[in-house]
Structures are given as C-alpha cells and as structure tokens.
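A.B. asks: Next up is a structure, given as structure tokens.
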Amino acid sequence: MPRIDLTTLIRDLALEPIPVAATVKVQARDARGPYVSIDGDKVIFSRQRDIVLRPGQPQQIDVPPTDGAHFCWISVAVGTVEREWTLSVPDTTDVVPFGALMKVNPDTYQPTEDVLAEWDILRQDSYRARADAVAAAGVAEGHASDAAGFAGAAASSAGSAASSAGDAAGSAGSAAGSAGHAAGFAGAASESAGQASGAAGRASDSASAAAESQRKAGLSASAAATSESNASTHAGTASTKANEASTSASTASTKAGEAADSASSAGQSKATVEQLVQTATFLFVQQGDQPPGVLNLADAKTNAIIHRRLTGNVTGITLPTVPTPGQMITLVLTQDATGGRTLTIPAAIFTHEGLDPVLSTTAGAVDMIGMVYDGIRWWAMVPAQRGA
C-alpha cells in the first residue's frame, strides 16, 4: 500500500508559522458517490476516514491504490484553510509525495487540464533529449574518426623519421669512406714526392704521378664534404619528421580525449532520455475514436488509461505483447451520438464468474472497465462502472 507524504502540502496551507494540527479526510469514490465493491455475496461500501496529524508526528497517511474503477477523494484542513482533491493513487510500496499524484476529473475519470499540460512538457523534453543524444553520439563518432586519422599520420611521420635517420646514417658512412680515400691518396702523393727527390731520372714521371694523386685527393675531399652536407640535411629532415610525429601523436591524444568526452555526454543524454521516457510512459494516456473492429493494446508496456469514443462495435481486444505482472489498463469507453455500441471480451481475459461487462447503450454514456495482469493471465473487473 502506498504512503502519501503531506508534509509540503500542510506547510503550504498553514497561514502562520506556528505548527498546528492538520485534519485529513480520505474516501474511495466513483462517479456516483462512495465506491461500492463486491466480494462474493457481500457488498462493501467505502467509508470516510478522518485522520488528525499533530505537529511533530510524521505527516504521512496510508491510502489504498486506485484500480481504474474508482478514485481517491482527499480533504486537508489546516486551521481555517481547507482544500479537497480527486486523485489517482499508484499501486506501490514507496512513499509518494502528494504533489506527484495525478489529479483527475471525478465526472469523466480523465486527467485534469494541468496534468495533460505537464505530460505534453514531459514528452517534448524527452524528444529534445533524444535529439541531443543522437547529436552527441555523432560528435563522438567524428572525434573518434579524427583521432584514428591523426594516429595514422603520427605512425606515418614516425616511419618517415626512421627512414630519414637511416639516410643520415648512410650519408655519414659515405663521408667517412671518402675521407679515408682522401687520406690514402694524400699518402700516395707524399710517397711519390720522396721517390721524385731520390730518383732524378724519374723525376718527371713521379712529379706527374704526384700531381694526379693530389688531384684525386682533392676530388675525395670534395666528395667527403658533399657526404657530410647530405648527412646534415638528412639529420635535419629526421628531426623535422620526429617533431611532426610528436605533434600528430599529441593531436591524436587530444582527439581521443574529445571522443571520450563526447561518448560520456552521449551516455548522460541517453540516461536522461530513459528517465524522461520512463516518467512519460508511467503516465501513459491514449485518447481518440475507436472504429469498428478490434481494440489494439499490443503496444501498452506500462500502466495505461485508454479513452476511446466508440464509433462502431468492438469485436475483440489485442492484449499487450510483453505484459508485466501488476500492469493495469483502464478502458474508458464513451458511446458516440448513435449509441448502442457493443464490446466483445476475448477468452484470454478472465472475468468474475465468467460474466462479461455489458456497455451502456445510451448515446454519450461512459463505461469504465479495469484490467489487471497477475503474471499469468489478464482479469477484467466487472461490473463496468457506468455514467451518463
């Protein structure tokens, strides 16, 4: 049985800050007055309960849940101020704030205009949150793609840096080899000059050989200088590629962080959507005309109140495809201007002693039928509640 918390309501009704006792009156009613229930061969009339909540005591009362065939009338008096409401009470074991209860019109069983306006706001918020979640997921996917691209660029730059470093090492080796050749040719030139001074007869040939050796030494020295320059250039290229690889890796890390943030935002938006959708579907209401044929309830996944104006005979009911134990569906059926519309209950719905509810035939008459799923089968509460 739910427990209703009246703390905030009593504080708002008090005209003075001094705590005073609150008198609460509670009674189960339907459109004809006090609610009448049938238990076997007994007829039980709902009695009014008078409760006094004194200062310092818990400002809470236990109220039986409504089942779609009746509502809860409650009156609260604090000092000289008294207010009354007609409410729908959910079937729960939790403490429910008074402000969370749904206000209904006692004549039509339909939610009041302010409740319908609040549901419209909830539905709009859920649509906006769903759009935000989709957009955030798209941004996260884009950042993840950018991160993958920058990671690939970093790998490519690292490969180029390694290749340039290899070129630099090869050029440095070539420079060392050229320097070795230059040293060898310089030694040969020195040896040729000695031979020239010792052998006057071969002075001309030795001088020529020395000149050739000197020329080759100059060429080798030039090649060594070129190799050293190439080595320096390749080393600079390797440094540049290494810096590019570092920059690409840093960018990839940043994009990966943005992707993680976007994914987190998408997760939060999804949680918000689920919460709003859960709130909106708990208060699920359908309204509209019911043409001749089968009444389709296959998509009803939570407690629901179905308002339909009958424009023809209802030949059957399609039950929810995935019902949950304790799920309640309330049918509020109104005859159109012609009247005389009938309802056929399928065999899958059990009724008390096998008696199917018979609808009122007067044009504009309103009949209410409560249905509940016990985890195995659906039950319909009869007789139907009727009103003009």
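The values are calculated or read from the model by the stated rules, or taken from the named source; none is laboratory data. Since the model is a prediction, treat every value here as computed from it, not as a measurement. Here Cβ is always computed from backbone atoms with ideal geometry, including for glycine, and neighbour counts include all displayed protein chains.
A.B. asks: Filter the stretch 93-140 for residues that are β-branched (Val, Ile, Thr), in contact with a strand residue (DSSP E or B) (Cβ under 7 Å, 6 or more places away or on another chain) and at pLDDT 75 or above and give the result.
C.D. replies: Scanning the stretch 93-140 gives 95, 96, 104.
A.B. asks: Here's a follow-up. Quick one: count up the residues across the stretch 50-66 that are within 25 Å of residue 306 (Cα to Cα) and crowded, with 19+ Cβ neighbours inside 10 Å. Walk me through how you get there before you give the answer.
C.D. replies: Going through the stretch 50-66, the residues within 25 Å of residue 306 (Cα to Cα) turn out to be 63-66.
Now restrict to residues that are crowded, with 19+ Cβ neighbours inside 10 Å: 63, 66.
The number of residues fulfilling the criteria is 2.
A.B. asks: So how many residues does the stretch 78-88 have that are in contact with a helix residue (DSSP H, G or I) (Cβ under 8 Å, 6 or more places away or on another chain) and either among the hydroxyl-bearing types (Ser, Thr, Tyr) or crowded, with 17+ Cβ neighbours inside 10 Å (or both)?
C.D. replies: Total meeting the criteria: 1.
A.B. asks: The conditions are (1) within 28 Å of residue 368 (Cβ to Cβ); (2) assigned to a strand (DSSP E or B), and residue 23 fails exactly one of them. Which is it?
C.D. replies: Only one criterion in (1) within 28 Å of residue 368 (Cβ to Cβ); (2) assigned to a strand (DSSP E or B) is unmet by residue 23, namely (1).
A.B. asks: Among the candidates 11, 3, which residue alone is in contact (Cβ under 8 Å) with a residue 60 or more places away in the chain and not hydrophobic (A, V, I, L, M, F, W, C)?
C.D. replies: 3
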